[in-house]
């Protein structure tokens, strides 16, 4: 095997491919990156068994071949190379010589014979989604996905696609994040909705691969796997099995109290109150809404904080408490100048949504507090 390519493009390809490397691989070969030549390009592939990522890099091929090289070491070697053309040449003992300008390194690889094949779903229906908006949606949902949960489905992001809407949902038992995109989507014949539960960490890695360009991402689904085509990169992941919680039943149909407030003012006040809340035993902040004023308080053995904000209050007064981190995470993910907090009682969920429209919705469970 012998080829030449841009060191910078090789670096980008390795960074994307090695996102699939597991922390504790079950087999030695899963620690590696498969380097395989194609026609005027090379393919870099990594997998942890359930997630596989393959990316293409333009190259001048002098001699075809393939080899599995240590993924992390290979990435670090290429990362330190100067800009320019890098050449890779492998001998019969699978020792690869890497040259770039005045730099030369050798790295020993292993046979690619036992490297797992990536599942190919290209024969299934393709769903085309706007890359930039999807990346934004993922970033505003992943914080609410459970990390460790006895119900495995909650460690994933629910993806729902109809002919007119894309929904992403994250839910961890304490808060819910819902992002909506109204657009036109062509579904497989005979289906009115496509659903999938994608592992949360895979959604995070997928968004990091995506760019901010106005291009499309293509999803292929077969019921057990998702293939995502993102520019020069192909990602294939196993979907999570099981039923996702019926989140629609959790969303309150009406409200008794509605607070409209400037988002940045609310975020700043919560962050200041959180400093004292962290010193307390329960990390709590309390909110009292009355007479178009919102009073936010927190206390610990070291002191207390009081913040007051101007708001527009509709309905009844309320006194409610939240875990400081949970409510802070939600408010940080609101981009609008103003948002609304809709509540019924001090022990029922608080819904955070835009003043107009339904682009996003967040739900936070309050904490029961005894005076």
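The values are calculated or read from the model by the stated rules, or taken from the named source; none is laboratory data. Since the model is a prediction, treat every value here as computed from it, not as a measurement. Every residue, glycine among them, receives a Cβ derived from its backbone with ideal geometry; neighbour counts consider all protein chains shown.
For this structure, a couple of remarks:
- Looking only at residues in the stretch 88-111 that are in contact with a helix residue (DSSP H, G or I) (Cβ under 8 Å, 6 or more places away or on another chain) and in contact (Cβ under 8 Å) with a residue 60 or more places away in the chain, the one that is farthest from residue 61 (Cα to Cα) is 110.
- The one condition in (1) free of Cβ contacts under 8 Å to residues at least 24 places away in the same chain; (2) in contact with a helix residue (DSSP H, G or I) (Cβ under 8 Å, 6 or more places away or on another chain); (3) outside any strand (DSSP E or B) that residue 191 fails to fulfil: (2)
- Qualifying position, being in a loop (DSSP other than H, G, I, E, B), outside the structural domain of residue 187 (by TED's automatic domain parsing) and either touching a helix residue (DSSP H, G or I) at 6+ places or on another chain (Cβ under 8 Å) or more than 30 Å from residue 185 (Cα to Cα) (or both), among 288, 282: 282
- Residue identified as modelled with pLDDT of 95 or more, closer than 30 Å to residue 36 by Cα and within 30 Å of the chain's Cα centre (by Cα) among 136, 76: 76
- Qualifying residue in the stretch 237-258 (condition: in a strand (DSSP E or B), touching a strand residue (DSSP E or B) at 6+ places or on another chain (Cβ under 7 Å) and in the same structural domain as residue 195 (by TED's automatic domain parsing)): yes
- Check on residue 203, under 17 Å from the mean Cα position of the chain (by Cα) and either buried (at least 18 other Cβ atoms within 10 Å of the Cβ) or modelled with pLDDT of 95 or more (or both): yes
- Residue satisfying condition, being surrounded by 19 or more Cβ atoms within 10 Å (Cβ to Cβ), outside the structural domain of residue 143 (by TED's automatic domain parsing), over 28 Å from residue 168 (Cβ atoms) and touching a strand residue (DSSP E or B) at 6+ places or on another chain (Cβ under 9 Å), within set 327, 311: 311
- Test: residue in the stretch 347-364 that is assigned to a loop (DSSP other than H, G, I, E, B), in contact (Cβ under 8 Å) with a residue 40 or more places away in the chain and over 22 Å from residue 251 (Cα atoms): no
- Of the residues screened, residue 67 is not one that is in contact with a strand residue (DSSP E or B) (Cβ under 7 Å, 6 or more places away or on another chain), at pLDDT 95 or above and more than 30 Å from residue 225 (Cα to Cα).
- Flag for residue 112 being closer than 30 Å to residue 93 by Cβ and surrounded by 15 or more Cβ atoms within 10 Å (Cβ to Cβ): yes
- Just so you know, in the stretch 231-242 the residues that are closer than 23 Å to residue 178 by Cα and modelled with pLDDT of 95 or more include one that is surrounded by the fewest Cβ atoms within 10 Å (Cβ to Cβ), and it is 238.
- Residue match in the stretch 228-247 (condition: under 23 Å from the mean Cα position of the chain (by Cα) and under 30 Å from residue 312 (Cα atoms)): yes
- No other residue among 245, 270 is at pLDDT 95 or above and in contact with a helix residue (DSSP H, G or I) (Cβ under 9 Å, 6 or more places away or on another chain) apart from 270.
To keep it simple, each residue is scored yes or no on (1) surrounded by fewer than 19 Cβ atoms within 10 Å (Cβ to Cβ); (2) at pLDDT 95 or above; (3) part of a strand (DSSP E or B); (4) within 22 Å of the chain's Cα centre (by Cα).
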| position | (1), (2), (3), (4) |
| --- | --- |
| 22 | yes, no, no, yes |
| 26 | yes, no, no, no |
| 34 | no, yes, yes, no |
| 42 | no, yes, yes, no |
| 46 | no, yes, yes, yes |
| 49 | yes, no, no, yes |
| 53 | no, yes, yes, yes |
